[in-house]
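One structure below.
Derivation of every value follows stated rules applied to the coordinates shown; laboratory data play no part. All figures in this text were calculated on a predicted structure; none of them were measured in a lab. We place every Cβ from the backbone using ideal geometry, glycine too, and count neighbours over all the protein chains shown.
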Amino acid sequence: MTEEERTVAAVDLGSNSFHMLVARIVGGELLVVDRLRERVALATGLDDAKRLDDASRDRAVRCLERFGARLRHMPGVSVRAVGTNTLRKARNRRAVLDQAERALGHPIEIIPGREEARLIYVGVAHTLQGAPGRRLVVDIGGGSTECIIGEGLEPLRAESFFVGHIGFTGRFFPKGKIRAEAMADAVLAASLELQTIERSFQRLGWQSAVGSSGTNLAIESIVRESGWCSAGITAKALRKLRKAVVAAGHVDALSLPGLRPERAPVLPGGLAILMAVFERLGIDTMVTSEGALREGLVYDMLGRMTREDARERTVERMMERYRIDREQASRVARTALSLLGQVAEAWEMAAERHRQLLDWAARLHEIGLSITHSGYHRHGDYILSQSDMPGFSRDGQHELATLVLGHRGKIPTERFEELPADRAEADLRLAVLLRLAVLLNRARSEEAVVPVRADVDGRTVRLAFPADWLAHNPLLRTDLLAEQRRLRDGTDRRIELIEG
């Protein structure tokens, strides 16, 4: 199948529901061919120690087995699965992910809150394509709420808050009881969380407000079918809904037009958060969008296929922001990719992700110089670990930061051990190649290109130079001999230098 026409799938492991979207991409357009949704209520299984219990894990695995049956014959490059707030918080997420990935048959990324917000905006923007002006997008999920301001297809400011309808319902409406005082407390608590963005969002401004995902769509359905507004959600309709919800007294007594039974148990928490959003940000009317995170994932995949990768834009912006020496970064990247090309087959590292990760790490390896030369690789690690990096998953950002940390000095073996088992060895090999590329370009000159050939045998890297070349370049020879010792002592890996 051509890139112009292919089938892709997005899986969203949310705190309340798991969603799967399968679509055909034809000429850059998205044609949905299948949707699946199951309420897993993952967030309810998070205990006081931030560990997911066995019951929630079992629900997740059973759901993903069903999703996996649908995706079994799709290639990995056409499927992207992400976990959100609850999996971000779970301390046993690695064990949970191991089970989940086996059930689904595809890798699962944990994405940061701001990356979730960016993808939500991408999904909404494509769904509402053609709508003019700057827009505010609000997405209330089971474990978090995302607020984004954007224009066209580009998000301008994205924030994520640890307030979600599952947590708020459990916290303020225990055992399903709904009291007026509890509703007021819940609205106040959500409002306090949102106050950190009030001024900056108001300064940016927006022409329209859009609500996405389950809570907003459910509330829109209720207020419309109740006759409180003809379309979308208004502040007046929210006040009427609040009065009706409080009057019910208990979630089991909620009987409202347009309210699905499975949404009723978490409606009070979601309503409180939405009311706080309206009050804090001064919203009077909000339209809704069917597009959200999974649609954003699909369009983001399309961007990667058509060389409009958000991660590439992020790397470019960071190079600009931190004033990286582009010529040196380019030299190191070319050398590193040349070395990878020579050993990729022997090391079974011909995948595009290996080439991309090594290229990005090479281009950003000197990012820490913006702080100081002393220990700049550690500063680079900090910048890349702590920055908002659109397009990157948590693991992807961690991998990139680890390569930059490991491009000089002591090999940070403990950091590689923190990576998923299937990536730890490959990334350590990439670190070795990056270290060599940096050493081979120490002269920082196009005129000092090192004529080297590479091959590998297990943990040994052989570097072949022309006869007497190293003898005439004693500084590089000294550097390579020192690197031999570091790799041997730190990772039980070897470098062999061959002349002639």
Helix 421-440 versus the longest principal axis of the chain: what is the Cα-based angle in degrees, 0 to 90, to the nearest 10? 50
Highest-first arrangement of 100-106, 149-155, 432-438, 468-474, where packing means the average Cβ count within 10 Å: 432-438, 100-106, 149-155, 468-474
State, to one decimal in nm, how far the label point of Gln99 lies from the label point of Gln484, with both points 7 Å from Cα in the Cβ direction. 5.0
³J(HN,Hα) across the stretch 91-96 via Karplus (A = 6.51, B = -1.76, C = 1.60, θ = phi - 60°), whole Hz, x for Gly/Pro? 6, 9, 5, 5, 5, 5
Once you have the Cα-Cα distance between Ala235 and Thr196, take 0.36 nm times their residue separation minus that, and quote the gain in nm to one decimal. 11.9 nm
Please turn the phi angles of the stretch 251-268 into ³J(HN,Hα) values with the Karplus equation 6.51 cos²θ - 1.76 cosθ + 1.60 (θ = phi - 60°), one per residue in order, whole Hz, x for glycine and proline. 4, 5, 9, 5, 9, 10, x, x, 8, 6, x, 6, 8, 3, x, 10, 4, x
Could you grab the relative contact order for the stretch 114-295? Cα pairs under 8 Å, six or more apart, rounded to a whole percent. 32
Which whole-Hz ³J(HN,Hα) couplings does the stretch 62-79 yield from phi under the Karplus relation 6.51 cos²θ - 1.76 cosθ + 1.60, θ = phi - 60°, glycine and proline marked x? 4, 5, 5, 5, 5, 4, x, 4, 6, 9, 4, 9, 8, x, x, 5, 9, 10
Quick query: amide H of Arg51 versus all other amide H atoms, modeled in the peptide plane; which residues come in under 5 Å with a sequence gap of 5 or more or a different chain? Arg91
Expressed as a whole-number percentage, the relative contact order of the chain with C-alpha contacts under 8 angstrom and at least six residues apart is 12
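What's the FRET efficiency of Asn92 with Glu499 using the Cβ-Cβ distance as r and R₀ = 56 Å, to the nearest 0.05?
For Asn92 and Glu499, the calculated efficiency is 0.60.
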Restricting to DSSP loop positions (anything but H, G, I, E, B) with no more than 14 other Cβ atoms inside 10 Å of their own Cβ, which trypsin sites (Lys or Arg not before Pro) remain in the stretch 149-204? Arg179
Of Lys50/Lys243; Lys89/Lys240; Lys89/Lys175; Lys89/Lys410, pairs whose Cα-Cα distance is over 26 Å: Lys50/Lys243; Lys89/Lys240; Lys89/Lys410
Residues with amide H under 5 Å from that of Glu499, placed H, sequence gap 5 or more: Phe465
What is the distance, in nm, between label points placed 7 Å from the Cα along the Cα-to-Cβ direction at Asp34 and at Asp468? 6.8
Answer with one residue from Leu364, Gly141, Leu36: the one whose Cα lies farthest towards the positive end of the charge dipole of the chain, charges on Cβ with Lys, Arg +1 and Asp, Glu -1. Gly141
Can you give the angle from 0 to 90° between the axis of helix 474-491 and the longest principal axis of the chain, with both taken from C-alpha atoms, to the nearest 10? 50
Per 0.36 nm of contour for each residue apart, how much would the distance between Glu447 and Thr372 grow if the chain were fully extended, relative to their Cα-Cα spacing? 24.3 nm
In degrees, nearest 10, the alpha-carbon axis of helix 113-127 is tilted away from the dominant principal axis of the alpha carbons of the chain by 70
Would you calculate a helix-derived [θ] at 222 nm for the chain, using -39,500 (n - 2.57) for each DSSP H run of n ≥ 4 and dividing by the full residue count, to the nearest 500? -16000 deg cm²/dmol
Reviewing [x] 22, 49, 24, 6, 0; [y] 13, 20, 21, 22, 17, 5, 2, 0; [z] 24, 54, 20, 2, the figure for P(r) over Cα pairs in 20 Å bins from 0, in percent actually calculated from this model sits under [x]
Explain nothing, just the number: relative contact order of the stretch 309-449, from Cα pairs under 8 Å at least 6 residues apart, as a whole percent. 28
